[in-house]
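Peer 1: Please read through the structure below; I'll follow up with questions.
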Amino acid sequence: MKEKLVLIGAILTIILFVTGCTTGDGQTGFGFGSKSSDRFDDDTPFTAQAHQGDDGLALQFAKNNPPTKIYYTSAGTPFNVIVELRNRGAHQIDDAYLYLTGYDKNIIQDTRITPGGSLPVTFDLEPVTNFNPEGGYETVEVENTILNWPEGTDSYKPTIRASVCYRYETVANPVICIDPHPFSSLSEDKPCRVRNSYDYSGQGAPVAITGVEQEGTEDLLHLKIQVQNMQVRGVVYDEDKYNPDRGPDSSSCPFNLQYKDINKVDYDDPDFSGSGTKPQLIECKPDSPIRLVDNKATIFCKFSMPETDEIYQSPVNIRLHYGYLNYEEMSVDIMNVASE
Amino acid sequence: MGMYKITIFSIVVLFFLSGCEIGTQDTVMDSDVHTGTQGLIISTISGSPPKEILHRSPFQIGLELRNKGATNINNGYVLVKYIGKGKDYFNILDENTKAFSLEGKSVLNLGGGYDILLFNVENTAVSKEEEPGYFFGIIGCYDYKTSASVEVCLNPVSAETAKIGLDVCSTDDLVLGSQGAPIAVKKIKEYILPKQESGKSIVYFNVYLQNVGGGSIALLENYTDVCRGKGKTINLEDVKISAKIKNEEMSCEKVGKDKENPEQVIFICSTALEILESHTTILNIEAKYGYITKEIGVTMKVNKIAGDFCEYVCIKEEWGVCDVYGEGTEGKCPDGMKCCTESTSLCERDHQNDGYGCYDECAEGTLDKDKCPGDLKCCKELYVGGCEDEENPNKGNCVNTYGTSCNPFGGVRDGTCDEGLRCCAQSNPLCMTEEELGDSGVNYADEVDNYYCVLESEIGNNKPYTCANTTSSKCPGMGDNSKICCYIESKNN
């Protein structure tokens, strides 16, 4: 019995030590433990589907570009930064623009930028479609050299940030029950009932309509539309602040977004589809653009009920449009090994 | 039992294996040479000097020098001096100061430069009384540089509505480690003012400096004089620093001691920069100075040998026959030397603690004759620095005596002046009465009813001045420029 206990103890100790053994890049040697980065997994946003999920544009640095460690040997030491971009959402991206910041451009200078030749790099990306289920894909490559190394400096560890600003849209078509007599007998067999029936499953955009609550009277239909910015690190802002033609000195994304610019979302008046008798919008409050508080906002809309006794379901088209900023960062350790 | 042994063996093996790491190592080359709080480190070689020697025997003081800092030492000096009782008990056969140069740490030489210096010393005498030991002091003096490269954050600051926090870095206070030098930058505080009309922001850095090497600081221009005991050390706040950021030289000024930590001195460096986007960059701070190491003490015993050796002091015979070194006495000395009872000259014995000694040149009016050996004179040492230097013990004023001596100006003082001027006691001639001279030292504009120096040729009838009385030797000038001290009765137009 004692020997069995000792054997069990030995096996547990083996497991304990083995899980402490790591490879040089932080991965566990035998597949246990957390990985250093989720960005290289296939389960990340780079495999999202159309009109689902919370992603618009997804970006990441290509593996080893830049490398985590660079040895500066002389003026002109090169290294590359490659940013991979993919449109994981349902809306076409036109004229998005990318900046690289976070480092001293006197020390690290770009020599060639593809595409475009200079920063910011502008690009278009198709959305996820049936014919392109992965979404549009682009890479931006920036070839850099380390030129004016400050004298007496042993190392420089900048954090390179890739920021992308673009305009996006969220479209949702929740189905609403049109019931001119919502308070009639509950025993009546109706084709649909007025209730909060919208199941959110993502709209293929970073700002989502997460719920639609419905209330009705014989004359009016009320909708309470919940809006939310689904990405913790993404920034939604007034789309007027999107401008690829202006540089760091202007008051536009990404350099000069102020508190009054962010968390602003424009919406079009919700509209029931169809050309026949349908509820007519009376008003929506608050007016467009709405401001998200703690990443959330609510739009209240009032419709007049159509003059019909029919009970039926109809989708209501809700469209949001806004500017969005995504960014990724990576630290690079540049070590001076140049002989003096 | 066998099971136990196997289990324990497995656990021990796995204990070692769990320290394993496969794949790439973190660093291939450690390039961080700017660490440590020392520049020059001096240590004695074991057995050199020996702890005990025999009376009259030669020996060596061997010193190991290491440059543990990041800066090359180009003009370093090591000074060895005997600081014990009896000035002439030991004779350093070479110069007591030796020069050296040592390279600092580098990527290819992380240990820094290394050298050995040997000083040949001879014991010439021992004290009559039993001494516990004889002491030598060793100091190193060298030119050095502190070079701190710090990664700082530059975030655009606007006077308009605050921007959202999408900065890549923050401007928190930076606490630094050592930089491979005895003076270190310990802390940096950053302040950025909003953009000015020029489109640039003013960036300020408070730089906190501290002497961490345990030694003393001197100016780069005169650390060798300090080494020889002729110059003065300076305070940390007198060190000059320079700073550079994004290839822009910054303007740096000292603020003073840090009230919270008086060991640190604050400097403020500033410049105007165009900051368009949040980023990090390198701030280079540099200080150049002379450094004097803390004195190392070496002690050794001298064992007397019974015999007819001179038990007192062997003095060079060319300096006289013990005339200023006490009475002659029996005892063998090396050829060319005499055995005398005193190890110090009569001058040093008669003038203790009043600055007198045996010198080649004397300060004016301090000569005390026949108390020094050979051609040396017993007096206060002539100051060879500037006449008006604060350090000059016989400080005077540089005046134009118009060819005469300093007598009309209160007498001569030590020190050098520019060509054509002499170093005299006061800047105005003695002609002025004490009351009139007062503290101003300036001739009054109104000469009438006052003493004033006038040209001899201007006194008398039909001349500019009429004097009630005149005095000579109180005004400067010779020949045609000769002036007389005149009590001016009237000025004749």
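Peer 1: Given R₀ = 41 Å, FRET efficiency for A:Val232-B:Val255 by Cβ-Cβ distance, to 0.05?
Peer 2: Working: r = 43 Å, r/R0 = 1.05.
The pair A:Val232/B:Val255 has a calculated efficiency of 0.40.
Peer 1: Go through B:Asn155, B:Gly215, B:Gly231 and say which Cα lies farthest out towards the positive end of the charge dipole of the range B:153-246; charges sit on Cβ, +1 for Lys and Arg, -1 for Asp and Glu.
Peer 2: Highest projection toward the positive end goes to B:Gly231.
Peer 1: Same structure again: Just name one of B:Ile296, B:Ile282, B:Gln264: the one whose Cα is farthest towards the positive end of the charge dipole of the range B:262-302 (beta-carbon charges, Lys/Arg +1, Asp/Glu -1).
Peer 2: Value computed over the given set: B:Ile296.
Peer 1: Follow-up question, since we're still on this one. When the chain is fully extended, how far beyond the present Cα-Cα distance does A:Ala338 get from A:Thr139, taking 0.36 nm per residue of separation? Walk me through the numbers before you get to the answer.
Peer 2: Numbers: separation 199, 0.36 × 199 = 71.64 nm, distance 3.20 nm.
Roughly 68.4 nm would be gained on extension.
Peer 1: Okay, next question. Only loop residues by DSSP count here, and only those with at most 11 other Cβ atoms within 10 Å; note down the GluC sites (Glu not before Pro) in the range B:28-120 that meet that. Intermediate values should be presented prior to the final figure.
Peer 2: On the way: sites: B:Glu52, B:Glu64, B:Glu95, B:Glu103; in loops: B:Glu95, B:Glu103.
Qualifying residues, ordered by number: B:Glu95.
Peer 1: Can you give the FRET efficiency to the nearest 0.05 for B:Leu220 and A:Asp189, using r as the Cβ-Cβ distance and R₀ = 60 Å?
Peer 2: Working: r = 101 Å, r/R0 = 1.68.
The computed FRET efficiency comes out at 0.05.
Peer 1: Would you mind checking A:Lys105/B:Lys244; B:Lys98/B:Lys338; B:Lys51/B:Lys230; B:Lys338/B:Lys369 for any pair whose Cα atoms are more than 24 angstrom apart? Walk me through the numbers before you get to the answer.
Peer 2: Details: A:Lys105/B:Lys244 16 Å; B:Lys98/B:Lys338 30 Å; B:Lys51/B:Lys230 31 Å; B:Lys338/B:Lys369 22 Å.
Too far apart for the 24 Å limit: B:Lys98/B:Lys338; B:Lys51/B:Lys230.
Peer 1: Now for a separate question. Peptide A:330-338: average number of partner chain Cβ atoms within 10 Å per residue?
Peer 2: On the way: counts 0, 1, 0, 2, 0, 7, 6, 6, 2.
Across the residues of A:330-338, the mean count of other-chain Cβ atoms within 10 Å is 3.
Peer 1: Would you please state the base-10 log of I(q)/I(0) at q = 0.10, 0.14, 0.20, 0.21 1/Å for the range B:156-287, with intensities from the Debye formula using one equal scatterer on every alpha carbon?
Peer 2: Once normalised to I(0) and log-transformed, intensities are -0.41, -0.71, -1.20, -1.27.
Peer 1: Okay, moving on. Taking the mean number of other Cβ atoms within 10 Å as a proxy for protection, how do you rank B:465-473, B:55-63, A:1-9 from highest to lowest? The partial results should precede the final answer.
Peer 2: Numbers: B:465-473: 14.6, B:55-63: 17.2, A:1-9: 10.3.
My ranking of the peptides, most packed first, is B:55-63, B:465-473, A:1-9.
Peer 1: Which whole-percent values make up P(r) of the range A:170-323 when all C-alpha to C-alpha distances are grouped in 5 Å steps starting at zero?
Peer 2: The percentages, shortest bin first, are 2, 9, 18, 19, 16, 12, 9, 7, 4, 3, 2, 1, 0, 0.
Peer 1: Okay, next question. Provide a whole-number value for the mean count of partner chain Cβ atoms within 10 Å of the Cβ atoms in peptide A:97-106. Provide the component values of the computation, followed by the final result.
Peer 2: Numbers: counts 0, 0, 1, 1, 7, 8, 5, 9, 5, 6.
Per-residue shielding by partner chains comes out at 4.
Peer 1: How long is the gain from B:Glu458 to B:Glu103 if the chain were fully straight, where each residue apart is worth 0.36 nm and the alpha carbon distance is subtracted? Intermediate values should be presented prior to the final figure.
Peer 2: Numbers: separation 355, 0.36 × 355 = 127.80 nm, distance 6.99 nm.
Additional length available on full extension: 120.8 nm.
Peer 1: Can you tell me which of B:478-489, B:377-388 comes out highest on packing, and rank the rest after it, using the mean Cβ neighbours within 10 Å?
Peer 2: Working: B:478-489: 16.5, B:377-388: 19.2.
Ranking, from highest mean packing down: B:377-388, B:478-489.
Peer 1: So what's the gap between the Cα centers of the range A:144-175 and the range B:345-389, to the nearest angstrom?
Peer 2: 74 Å
Throughout, read-outs are computed from the coordinates displayed, never taken from laboratory work. Small disclaimer: the values here were computed from a predicted structure and weren't measured. Note that each Cβ is placed from the backbone with ideal geometry, even for glycine, and that neighbours are counted across all protein chains shown.
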